[in-house]
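Peer 1: My questions all concern the structure below.
The values are calculated or read from the model by the stated rules, or taken from the named source; none is laboratory data. Small disclaimer: the values here were computed from a predicted structure and weren't measured. Ideal geometry is used to build each Cβ from the backbone, glycine not excepted, and the neighbour counts take in all protein chains shown.
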């Protein structure tokens, strides 16, 4: 027997920019990013825009066309492609094929660009299409939600749902560049503006206690969507995620651990059980609350810190419970528990769940006590009901008389 073995080392440059009015005529950032000094060919550009963003900002497509019309160094091959976003759009390969058909029709090659403008689900769809057409064309992401600007959009994953599992089909590709345009957040409804906050809470809990304190300090301003507080949160959250990707030694998740998915094992299952009516950020908020209570019940984490976390999540505007946590199968077993095996299976190897030792420090376990998980769900249910009852009592006319 004989063999040949070599180590192949590949380095990537991961660039995330922060700006305002990226398609404004005076803003040269995007054109500077797209300019490739190593080629004299005029690069082609295909732009894909999230349908909900296009509805909220009806002049955006025209603005994009004007931007490229003023820059002869690039060829916008067609008017921006408007595509459905949101998690439901990821439940079919149809949209990926649609993007790939445009890549083929307009001869987008590996020195051309696909620019994705939208929320995390759209970025996933476009990213998968770009990564698999010609075995990879250059992708520029312009995330337009808090969740995509501070988490998913600055990552290296693309994927769609299949076989009842979230992101079952996908790729790992470092985008050519990411451009966070804070002005894009202005048209978001409140529900989507707050969605990215929870990913900041997540990464602060496992990596940066000082950042957690900053979020606590800014919580009232964040709840009111104060721009300065939001931008501060997005920048630091994105930085912590990028640091992990660049320095963890496992950017493409070849091992069994996903520390940045703290609180996600149940969140992914909740999204599925709700038919994606519970959005990702909302599901992660519940998932973090569940794992915080579990960590405390197992003796890993102190009660006072656990209460601080639950109060912060509520202060930011999230619910801590969803009825889908109580869904049972034909055998009477809680369906959310299947999320543990699906979480393990997604990577293979041993089940690896990140839990909390203290605020700012996570650690890994390789098994979960199902009975304690069920107790944690029940406690979370009681906590939710008690808070709801207290709020209802305090807001009722009768309670006002009593307090006087």
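Peer 1: Working carefully through the options 326, 260, find the one that is over 18 Å from residue 353 (Cα atoms) and in contact with a helix residue (DSSP H, G or I) (Cβ under 9 Å, 6 or more places away or on another chain).
Peer 2: Among 326, 260, only 326 is over 18 Å from residue 353 (Cα atoms) and in contact with a helix residue (DSSP H, G or I) (Cβ under 9 Å, 6 or more places away or on another chain).
Peer 1: Does residue 302 qualify as being more than 23 Å from the chain's Cα centre (by Cα), surrounded by fewer than 17 Cβ atoms within 10 Å (Cβ to Cβ) and assigned by TED's automatic domain parsing to the domain that holds residue 353?
Peer 2: yes
Peer 1: Any chance you could count how many residues in region 59-93 are surrounded by 15 or more Cβ atoms within 10 Å (Cβ to Cβ) and under 26 Å from residue 167 (Cβ atoms)?
Peer 2: Here the count works out to 12.
Peer 1: Got a sec? Which of 198, 215, 234 is part of a helix (DSSP H, G or I), more than 26 Å from residue 89 (Cβ to Cβ) and touching a helix residue (DSSP H, G or I) at 6+ places or on another chain (Cβ under 7 Å)?
Peer 2: Numbers: 198 fails: more than 26 Å from residue 89 (Cβ to Cβ); 234 fails: more than 26 Å from residue 89 (Cβ to Cβ).
Step by step, each of 198, 215, 234 is checked, and only 215 is part of a helix (DSSP H, G or I), more than 26 Å from residue 89 (Cβ to Cβ) and touching a helix residue (DSSP H, G or I) at 6+ places or on another chain (Cβ under 7 Å).
Peer 1: Now a separate question. Are any residues in region 328-361 modelled with pLDDT under 95, surrounded by fewer than 18 Cβ atoms within 10 Å (Cβ to Cβ) and assigned to a loop (DSSP other than H, G, I, E, B), and if so, which ones?
Peer 2: 329, 330, 331, 332, 333, 348, 349, 350, 351
Peer 1: Of 371, 322, 388, which residue is surrounded by 11 or more Cβ atoms within 10 Å (Cβ to Cβ) and at pLDDT 95 or above?
Peer 2: 322
Peer 1: Have a look at 146, 132 and point out the one that is at pLDDT 95 or above and within 12 Å of the chain's Cα centre (by Cα).
Peer 2: Of 146, 132, the one residue that is at pLDDT 95 or above and within 12 Å of the chain's Cα centre (by Cα) is 146.
Peer 1: A further question follows. Considering each of 96, 41 in turn, give the residue that is within 24 Å of residue 174 (Cβ to Cβ) and surrounded by 15 or more Cβ atoms within 10 Å (Cβ to Cβ).
Peer 2: Working: 41 fails: surrounded by 15 or more Cβ atoms within 10 Å (Cβ to Cβ).
Just a single option satisfies the conditions, and that option is 96.
Peer 1: From the set of residues in region 101-116 that are within 22 Å of residue 52 (Cβ to Cβ) and touching a helix residue (DSSP H, G or I) at 6+ places or on another chain (Cβ under 7 Å), which is surrounded by the fewest Cβ atoms within 10 Å (Cβ to Cβ)?
Peer 2: Taking the candidates together, the pick is 114.
Peer 1: For residue 97, indicate whether it is out of contact with any strand residue (DSSP E or B) (no Cβ under 7 Å at 6 or more places or on another chain), under 23 Å from residue 159 (Cα atoms) and at pLDDT 95 or above.
Peer 2: Yes, satisfied.
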